[in-house]
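Report on the following structure.
The values are calculated or read from the model by the stated rules, or taken from the named source; none is laboratory data. In this text, all values refer to a predicted model and were calculated from it rather than measured experimentally. Counting neighbours? That spans all protein chains shown, and the Cβs are built from the backbone with ideal geometry, glycine included. Heads up: the accessible areas ignore ligands, DNA and RNA and are worked out on the full protein's heavy atoms, side chains in. Shrake-Rupley method; radii C 1.70, N 1.55, O 1.52, S 1.80 Å.
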Amino acid sequence: DFPLDFDRPTVRYIFEQVQGQPFLTQLIGQSLVSRYNQTVFEEGKPREQRFTIEDVDAVINDPTFYELGSYYFTGVWGQAEKSLPQGQTAILLALARNEDSLSETILFNEAGLSFEAGSAALKMLEQHDVVYLDSSSKISFTVPLMHRWIRLEKLKNVP
């Protein structure tokens, strides 16, 4: 009986951005409904009752989304920062400086880590589902929104 809906490409897009992470999935949904309510009820503008990829982009490109999601993002960052082995945040920063995934060699070089230190840190990040080895044997963020958050919060002013 709830009139708001999603088209299938939008659902897939949301999943791609959060990789099934429940808190972020719920946050996107809440943000979409809040945005809809503001447009329709507060601003009095009619709009379709179906969310699109453009609606999701508007939500995840808004800095408020990252403020609301700070428990997740700072939690992941804090775990990488405080747990052993060291070098986990260096890997995250090096990976976030790039738009694309990186090979281990390039990633460890950009992070300023030896192969041994980089491998140990990378293994821990993989175990915590923060990064993964993609089909081309390169390292990527598991949750693309974590990549965005690091760029916004830790690398400041990197789009």
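Observations
- Ordered from largest to smallest accessible area (heavy atoms of protein chains, 1.4 Å probe), the residues TYR66, TYR13 come out as TYR13, TYR66.
- Span-like helix criteria (full DSSP H runs; alpha carbon extent of at least 15 Å along the helix axis; mean Kyte-Doolittle hydropathy of at least -1.0) are satisfied in the chain by 8-18, 22-37, 70-82, 115-127.
- Close amide H pairs (under 5 Å, H built 1.01 Å from N) link VAL131 with GLU126, THR142, residues at least 5 positions away or on another chain.
- With all protein chains modelled, accessible area of TRP77 [1.4 Å, Å²]: 20 Å²
- Probe 1.4 Å - accessible area at THR25, Å² to nearest ten: 60 Å²
- Accessible surface of MET124 - all protein chains present, 1.4 Å probe, nearest 10 Å²: 40 Å²
- Relative contact order %, region 1-158, counting alpha carbon pairs below 8 Å whose residues are six or more apart: 23 percent
- Estimated dipole of region 78-159 in Debye, rounded to 20 [Cβ of Lys and Arg +1, of Asp and Glu -1, Cα centre]: 280 debye
- Largest first, the residues PHE15, PHE6, PHE65 sort by 1.4 Å accessible area into PHE15, PHE6, PHE65.
- Top of GLU81, GLU110, GLU43 by mean-square fluctuation, Gaussian network on the chain, Cα under 10 Å: GLU43
- Solvent exposure ordering (accessible area, 1.4 Å, most first) of ARG97, ARG50: ARG97, ARG50
- About the Cα centre, charge dipole magnitude for the chain (Lys/Arg +1, Asp/Glu -1 at Cβ), debye: 260 debye
- Gyration tensor (alpha-carbon) shape descriptor, region 1-73, a/c threshold 1.5: oblate
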